[in-house]
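Undergrad: The structure follows.
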Amino acid sequence: MQILVTREACCAQDDQLGPLDATYALEPGATLRELVEQIIRSGFLQYSSSHTSMLGKAGSVEIVKVYSSYYLPGRAPEYLVAASEPAARLLEGKVLRFRFFFE
């Protein structure tokens, strides 16, 4: 299964250079945790000193909060739905969109 992931640009240069979308391949039965870990490992999500946290949503459902490993080292993702949930069930036919949020 292919999952389209988009992200908000962290600055004007990032907006110009991107990429602001990526596609991830999932094995059947892959969990949300496995997908999020794959996205983090890929380096797709970009941060800046003023934008250190991102919220991932599928449609109107908040899925996960992800934090910059540079600015917030050791802070693990916070799952807003069960991390063990099959990603396909949550995301089939949807885009996983990451936007900055401030706590």
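The values are calculated or read from the model by the stated rules, or taken from the named source; none is laboratory data. These numbers were taken from a predicted model, which means no experiment stands behind them. No Cβ is skipped: glycine too gets one built from the backbone with ideal geometry, and neighbour counts run over all protein chains shown.
Undergrad: Restricting to the range 79-93, what's the tally of residues that are at pLDDT 95 or above and either closer than 16 Å to H51 by Cβ or surrounded by 13 or more Cβ atoms within 10 Å (Cβ to Cβ) (or both)? Talk me through it step by step, then tell me what you get.
TA: To start, the set of residues in the range 79-93 that are at pLDDT 95 or above comprises 79-87.
From what's left, either closer than 16 Å to H51 by Cβ or surrounded by 13 or more Cβ atoms within 10 Å (Cβ to Cβ) (or both): 79-81, 83, 85-87.
Residues in the range 79-93 being at pLDDT 95 or above and either closer than 16 Å to H51 by Cβ or surrounded by 13 or more Cβ atoms within 10 Å (Cβ to Cβ) (or both): 7 in total.
Undergrad: While we're on this one: Looking at R41, R89, R75, R99, can you tell me which residue is of a type outside the set (V, I, T) and touching a residue at least 60 places away in the same chain (Cβ under 8 Å)? Reasoning before the result, please.
TA: Details: R41 fails: touching a residue at least 60 places away in the same chain (Cβ under 8 Å); R89 fails: touching a residue at least 60 places away in the same chain (Cβ under 8 Å); R75 fails: touching a residue at least 60 places away in the same chain (Cβ under 8 Å).
Exactly one of R41, R89, R75, R99 is of a type outside the set (V, I, T) and touching a residue at least 60 places away in the same chain (Cβ under 8 Å), namely R99.
Undergrad: Please work out if S42 is surrounded by fewer than 16 Cβ atoms within 10 Å (Cβ to Cβ), hydroxyl-bearing (S, T, Y) and over 15 Å from the mean Cα position of the chain (by Cα).
TA: Values: surrounded by fewer than 16 Cβ atoms within 10 Å (Cβ to Cβ): yes; hydroxyl-bearing (S, T, Y): yes; over 15 Å from the mean Cα position of the chain (by Cα): no.
Here the answer is no, as S42 does not meet what is asked.
Undergrad: A follow-up question, please. Of all residues in the range 26-39 being touching a strand residue (DSSP E or B) at 6+ places or on another chain (Cβ under 8 Å) and at pLDDT below 95, which is surrounded by the most Cβ atoms within 10 Å (Cβ to Cβ)?
TA: Taking the range 26-39 as the starting set, the residues that turn out to be touching a strand residue (DSSP E or B) at 6+ places or on another chain (Cβ under 8 Å) are 26, 29-33, 35-36, 38-39.
From what's left, at pLDDT below 95: 26, 29.
Values: L26: 17, G29: 10.
Among them, the one singled out is L26.
Undergrad: Taking the condition surrounded by 13 or more Cβ atoms within 10 Å (Cβ to Cβ), at pLDDT 95 or above and not hydrophobic (A, V, I, L, M, F, W, C), does R97 pass? Lay out the reasoning, then the answer.
TA: Values: surrounded by 13 or more Cβ atoms within 10 Å (Cβ to Cβ): yes; at pLDDT 95 or above: yes; not hydrophobic (A, V, I, L, M, F, W, C): yes.
Judged against the criteria, R97 is a match.
Undergrad: Is there a residue being under 19 Å from Y79 (Cα atoms) and without any contact (Cβ under 8 Å) to a residue 40 or more places away in the chain anywhere in the range 7-20?
TA: Initially, the range 7-20 is screened for residues under 19 Å from Y79 (Cα atoms), giving 7.
Imposing the further condition that a residue be without any contact (Cβ under 8 Å) to a residue 40 or more places away in the chain reduces the set to none.
No; the residues of the range 7-20 include none that is under 19 Å from Y79 (Cα atoms) and without any contact (Cβ under 8 Å) to a residue 40 or more places away in the chain.
Undergrad: Can you confirm whether the range 67-74 contains a residue that is surrounded by 17 or more Cβ atoms within 10 Å (Cβ to Cβ) and of a type in the set (A, V, I, L, M)?
TA: Taking the range 67-74 first, the residues surrounded by 17 or more Cβ atoms within 10 Å (Cβ to Cβ) are 67-68.
Subset that is of a type in the set (A, V, I, L, M): none.
So far as the range 67-74 goes, no, none of its residues is surrounded by 17 or more Cβ atoms within 10 Å (Cβ to Cβ) and of a type in the set (A, V, I, L, M).
Undergrad: Counting only residues that are touching a Pro at 6+ places or on another chain (Cβ under 8 Å), give me the strands (runs of 3 or more DSSP E) lying completely in the range 1-98 with at least 2 of them. Even if it seems obvious, please write down each step before you answer.
TA: Working: elements: 2-7, 21-25, 53-58, 61-67.
Those strands (runs of 3 or more DSSP E) span 61-67.
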